[in-house]
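Scroll down for the structure; my scribbles are underneath it.
Derivation of every value follows stated rules applied to the coordinates shown; laboratory data play no part. Keep in mind that what you see is a predicted model, and the values were worked out from it rather than measured. Note that we place each Cβ from the backbone using ideal geometry, even for glycine, and neighbour counts take in every protein chain shown.
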Amino acid sequence: MNKELLKEAADHLSLFTINLESEKVQTAKDVCPEFQQYAELAIQMRNDPVSAGTLAVLSEQGEQEVLVYKHAMAMRVVNEHEADEDGQPQILLEIQTTYRVSYSIKDGLPSQEAMAEFALHNVPHHIWPFWREQVNATVLKAGLPSVVIPMRHYKASE
C-alpha cells in the first residue's frame with residue numbers, strides 16, 4: 001500500500017454514491033440447506049477491481065465530473081465435509097456482485113498510479129459494509145446458517 005498515492009487520490013476525490021450494479025446468487029442443486037445440519041462451513045471470498053472511468057453528471061451545482069469505479073465482490077459457502085464428483089468441496093451458495101462507486105472530482109483527476117492504488121484499497125473499504133449486509137441477508141434467505149463477514153483489516157505493513 002502506497003500511502004502517498006492514496007493521499008493524492010483522497011485529496012482529489014470525495015465519495016459520491018455506492019450502488020449495487022449486479023448480483024448473481026447460485027445455490028447448490030438438489031440441496032435444501034434449511035433441512036440440513038452442517039458440522040462446519042467454510043467461507044471463500046474474492047474482491048477485484050473491474051474498471052474505472054469518468055462521467056459527466058448533472059447535480060445541484062450544475063454539471064460535474066465524477067470518477068466511477070466498478071468493483072466485483074464474490075463469496076461462496078462450502079461444506080468441506082462433502083465433495084462433488086471432482087473431489088472439490090460442495091459449494092452450497094455462491095454470491096457474485098458488482099458495485100458501482102462514484103467519487104466527485106475536485107481539483108482535477110489524480111495520477112493513474114494514485115487511481116489504481118485507490119481502486120485496490122479505498123474502493124473495497126468503502127464497499128465493505130454494504131457487502132457484509134448483502135452477504136448476511138442473502139445467506140439467511142438461502143436457508144443457510146448465518147455467516148459473519150469480518151471487518152476489513154489491514155496488515156501492519158499496509
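log10 I(q)/I(0), Debye, Cα-only the chain, no solvent, q = 0.17 Å⁻¹?
Once normalised to I(0) and log-transformed, intensities are -0.98.
Identify all aspartates and glutamates with a Cα-Cα distance to LYS7 below 19 Å; exclude those on the same chain that are fewer than 8 residues away in sequence.
Filter leaves ASP107, GLU113, GLU117, GLU158.
Going by alpha carbons, how many degrees (0 to 90, nearest 10) lie between the helix axis of 3-12 and the longest principal axis of the chain?
Taking the Cα atoms of the chain, the angle to 3-12 is about 70 degrees.
Of all GluC sites (Glu not before Pro) in the range 37-113, which ones are in loop regions per DSSP and have a Cβ with at most 10 other Cβ atoms within 10 Å? Each step should come with its number before you reach the end.
Numbers: sites: GLU40, GLU60, GLU63, GLU65, GLU80, GLU82, GLU85, GLU94, GLU113; in loops: GLU40, GLU60, GLU85.
Answer by residue number: GLU40, GLU60, GLU85.
From Cα pairs below 8 angstrom and at least 6 apart in sequence, can you work out the relative contact order of the chain, rounded to a whole percent?
Numbers: 270 pairs, mean separation 49.5, N = 158.
So the answer I get is 31 percent.
Please get the size of the charge dipole for the chain, origin at its Cα centre, with Cβ charges of +1 on Lys and Arg and -1 on Asp and Glu, quoted in debye to the nearest 20. List each step's numbers first, then the result.
Details: 13 positive and 23 negative charges, 58 e Å.
Its charge dipole is roughly 280 debye.
Lys and Arg at +1, Asp and Glu at -1: add these up for the other residues within a Cβ distance under 9 Å of GLN90 and post the number.
Numbers: positive: none; negative: GLU80, GLU82, ASP84.
With Lys, Arg at +1 and Asp, Glu at -1, the neighbours total -3.
For VAL148, VAL31, VAL57, what ranking results if the residue with the fewest other Cβ atoms within 10 Å of its Cβ goes first? List each step's numbers first, then the result.
Working: VAL148 10, VAL31 16, VAL57 13.
The order, fewest Cβ neighbours first, is VAL148, VAL57, VAL31.
Return VAL101, VAL66, VAL25 ranked ascending by Cβ neighbour count within 10 Å, so the fewest neighbours appear first.
Numbers: VAL101 24, VAL66 19, VAL25 14.
By the 10 Å Cβ count, ascending, the order reads VAL25, VAL66, VAL101.
Relative to the longest principal axis of the chain, what angle (0 to 90°, nearest 10) does the C-alpha long axis of helix 112-141 take?
Between the helix axis and the principal axis of the chain, the angle is about 40 degrees.
Which of LEU55, LEU144 has the fewest other C-beta atoms within 10 Å, and how do the rest follow up to the most? Could you put the intermediate results ahead of the total?
Details: LEU55 10, LEU144 19.
Fewest-to-most ranking of LEU55, LEU144: LEU55, LEU144.
Out of the range 58-109, which trypsin sites (Lys or Arg not before Pro) are coil in DSSP terms and have no more than 13 other C-beta atoms within 10 Å? Could the numbers behind the result be given before it?
Numbers: sites: LYS70, ARG76, ARG100, LYS106; in loops: LYS106.
Those satisfying the criteria are LYS106.
Which three lengths, in whole Å and largest first, does the range 1-90 cover when its Cα atoms are put on their principal axes?
55, 31, 22
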